Amino acid sequence: MCGIVAAVGSDDVLPILLDGLKRLEYRGYDSAGVALVEAPGRLRRAREVGKVAALERRLSTAPLKGLTGVAHTRWATHGQPSQDNAHPHVSGRIAVVHNGIIENHHALKRELIAEGYTFTSDTDTEVVAHLIERELHRHGDLLGAVDAAVARLEGAYALGVIDADRPGRVIGARHGSPLVVGIGEEGYYLGSDPLALLSVTDRFLYLEDGDLVEATRTGCVVHEWDERGGKRSPAVREPMRYEHDDPSVGKDEFAHYMLKEIYEQPVAVANALEGRLGSDQVLIEAFGPRAGQLLGDTRQIHLVACGTSYHAGLVARYWIEELAGIPCQVEVASEYRYRDVVAPPGTLLLTLSQSGETADTLAALRHARARQGQTYVGALSICNVPGSSLVRESDLSLMTHAGPEIGVASTKAFTTQLTALMLLALALRQLHGGDGELTARLVHRLRYLPTLLGDALKLDADIARLAQRFSGYRHTLFLGRGAQMPIAQEGALKLKEISYIHAEAYAAGELKHGPLALIDASMPVVALAPMDGLLDKLKSNLQEVRARGGRLLVFADPESGLEAADGMTVVNVPACCRFLAPLVYTLPLQLLAYHVAVARSTDVDQPRNLAKSVTVE
Ligand code: G6P
């Protein structure tokens, strides 16, 4: 997704802007650009299609220099990736970078064209540049001009704006797309996420929706929008320290961030458990002061998420219903937000999001909050980014402590979400009268989960070999039953995201209702076979595949009784209890997708067309 960096400093800010863009590459983008005020009245910009490296190459032959600048990585929504569509967009003396979507851009464009403005791009952003330019003539001041311009915008935006005639100042605005202010020794900065600015600061102000910020080299003032008074007033936003390590320190010995993050899972899951397990139960008070009451009042759960987080939610439904006896409905956020959802009294809205900034998930939260009190008891988020919008707008948040995830295809964020969800299921069980014996057994097993995940990683070399064979296929089917069904979905998602092989997942029991028609020797079938009450049923489903000449790759418990045979490869996964099997079986599927993608020479960390954090609808 698009990334913003802006800076106002006491020295040339181009290196800071370029470093910030490189740090934002993980979000996914297709072009990059920068604009600097080189001297009062002299605004210069450079834009390139492709990677930030292409922009850097161009700047090495035609350098820009200045104390005030904005920069951007663009993920195309309106208009194809091209130099003209890349940001910053310029109108007269101002330059603008924008994340989000301006929904009323057609109407605004007509209005601006009628007034004589000429458009040079197909983007929605260009209307923002011209609007601000127009307002600048009326107000004479950039802050007032941005304020008047954003009042006309519908949709979502984070903006960074500079004025060539008044360097030394950057204006930022936030409405529905994230924006932070970095507080540095040598200047002030804007970034669409803190990672962009870690080379210059670890202190941030998290802007809220409706905020405008005016940053200079020595300070910044935030102006919030007072709905009731219908005017702006200065606001206090407390600086927060960024607590994670700087992920840009590199991939260490790993070829890709994704592989590094796959290998980080034992430690990440240990961090997610840290301080939350007592001797034989989950420490609910570690979830936060209101957790006991909120979870105790919960009668049913609406769990809402997107992408990989949605798959974590689907697994959690099995756990929450079986362990706590609480009905749990799981839905993708883009559907939930537009549906006339029936939420009976006592509904807990549970949102899951790695980034905490996914537009659809946030909208679902806001949709539910608008009706809080009547039906919803409250909103709980499970999230990896402290200070994110989702965390700030929820009653309670359970952080996953995965650390920054750079690979677009989510790995450790997923397994730490599952860990947090298992803790939540057990907490609900404790509060809703489930017997303590099973709780204690699972708490004990959770302590060994990081070791178990470490054992699963030892399959890496075997899976890398299998992946060579796999990489020649064009389609794949993934099968699972029970809580392994969503893991099959996640395995299929990983494979298609990074290797571009078409992959579908089915509940194994559904095979005979359609997908069986696809089975032949060119359609490999990946199946998950842990020790659970459905193993025998699954074995029958696998026979259905074999009888049609299908090629099976089965990840199985060593005691499953499944053995390699003609057309069937069996990989033994470390033995584990059925409740934790979804976590353990995830790792071989991640490794499979990874090695297949490497064999096909795709861009593993930044797959085509995808974005890490989807902050638009
Ligand atoms: C994007 C990412 C996925 C992620 C999804 C939801 O599509 O590429 O990896 O699962 O967004 O993101 P969230 O931050 O809400 O978990």
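The values are calculated or read from the model by the stated rules, or taken from the named source; none is laboratory data. Keep in mind that what you see is a predicted model, and the values were worked out from it rather than measured. Neighbour counts are summed over all protein chains in view; Cβ atoms, including those assigned to glycine, are modelled from backbone coordinates with ideal geometry. These area figures cover heavy atoms from the full protein model, side chains too; ligands, DNA and RNA do not enter into them. Shrake-Rupley method; radii C 1.70, N 1.55, O 1.52, S 1.80 Å.
With N counted as the residues of region 235-307, its alpha-carbon radius of gyration over 2.2 N^0.38 Å works out to 1.60.
Residues within the reach of a label modelled at Ala565 (point 7 angstrom out along Cα to beta-carbon, backbone nitrogen below 18 Å), restricted to region 481-521, are 520-521.
Residue separation of Glu186 and Arg469 scaled by 0.36 nm, minus their Cα-Cα distance, works out to 96.5 nm of gained length. With a Förster radius of 41 Å applied to the beta-carbon distance between Asp536 and Arg600, the computed FRET efficiency rounds to 0.70.
Across region 251-292, counting alpha-carbon atoms alone, Rg and Dmax equal 15.2, 44 Å. Max-minus-min Cα coordinates of region 131-246 on each principal axis give 44, 33, 23 Å, with the largest extent listed first.
Using the average count of surrounding beta-carbon atoms within 10 Å as a protection proxy, the listed peptides 488-499, 429-440, 447-458 rank, highest first, as 488-499, 447-458, 429-440. Stokes-Einstein diffusion coefficient for region 134-193 at 25 °C in a medium of 0.890 mPa s, Rh from the Kirkwood formula over Cα pairs: what value in µm²/s? D, rounded to a whole number, is 196 µm²/s.
How about Lys512: which lysines have a C-alpha closer than 24 Å to its C-alpha, ignoring those fewer than 8 places off in the same chain? Qualifying lysines at Cα under 24 Å: Lys496, Lys537, Lys539. Once you reduce region 278-303 and region 58-105 to the center of their Cα atoms, the two points are 46 Å from each other. Per residue of the chain, the DSSP helices (runs of n ≥ 4 H) give a summed -39500 (n - 2.57) that works out to -10500 deg cm²/dmol at 222 nm.
Nearest 10 degrees, 0 to 90: what angle lies between the long axis of helix 535-547 and the longest principal axis of the chain (Cα atoms)? The helix 535-547 is inclined about 90 degrees to the chain. Extension gain, Val236 to Arg369, is 45.5 nm, computed as 0.36 nm per intervening residue step minus the present C-alpha separation.
Summarise the accessible area of region 549-612 (1.4 Å probe, protein heavy atoms) by the percent that is carbon and sulfur. Ligands and nucleic acids excluded, carbon and sulfur give 41 percent.
Taking the Cα centre of region 528-572 as reference, the dipole from Cβ charges on Lys and Arg (+1) and Asp and Glu (-1) amounts to some 260 debye.
When the charge dipole of the chain is built from unit charges on Cβ atoms (+1 for Lys and Arg, -1 for Asp and Glu) and taken about the Cα centre, the candidate among Thr602, Leu583, Tyr189 whose Cα reaches farthest toward its positive end is Thr602. Cross-link partners of Lys612 among aspartates and glutamates, defined as those whose alpha carbon lies under 17 angstrom from its own and excluding same-chain residues fewer than eight positions apart: Glu25, Asp30, Asp193, Glu261, Glu357, Asp360, Glu405, Glu490, Glu497, Asp603. Axis angle, to the nearest 10 degrees, between helix 436-457 and the longest C-alpha principal axis of the chain: 70 degrees. Taking 0.36 nm per residue of sequence separation and removing the Cα-Cα distance, the Ala54/Tyr338 pair yields an extension gain of 98.2 nm. What the pair-distance distribution of region 437-594 shows, using all Cα-Cα distances binned every 5 Å from zero, is 2, 9, 20, 23, 22, 14, 6, 3, 1, 0 percent. Applying 1/(1 + (r/R0)^6) with r as the Cβ-Cβ distance of Arg42 and Arg290 and R0 = 45 angstrom yields a FRET efficiency of 0.25. Measuring nothing but alpha carbons in region 471-535 and taking Rh as the Kirkwood radius, the Rg to Rh ratio lands at 0.97. Working from Cα positions, state the angle (0 to 90°, nearest 10) between the long axis of helix 307-319 and the longest principal axis of the chain. That helix lies at roughly 40 degrees to the long axis. The spread of Cα positions in the chain, taken along each principal axis and listed from longest to shortest, comes to 77, 53, 43 Å. Along the axis of the charge dipole computed for the chain (Cβ charges of +1 for Lys and Arg, -1 for Asp and Glu, origin at the Cα centre), the listed residues Val616, Leu446, Ile113 are led at the positive end by Ile113.
Cross-link reach is defined here as a Cα-Cα straight distance under 16 Å, omitting same-chain residues fewer than 8 places apart; for Lys109 the aspartates and glutamates meeting it are Asp122, Asp124, Glu126, Glu133, Glu135, Glu154.
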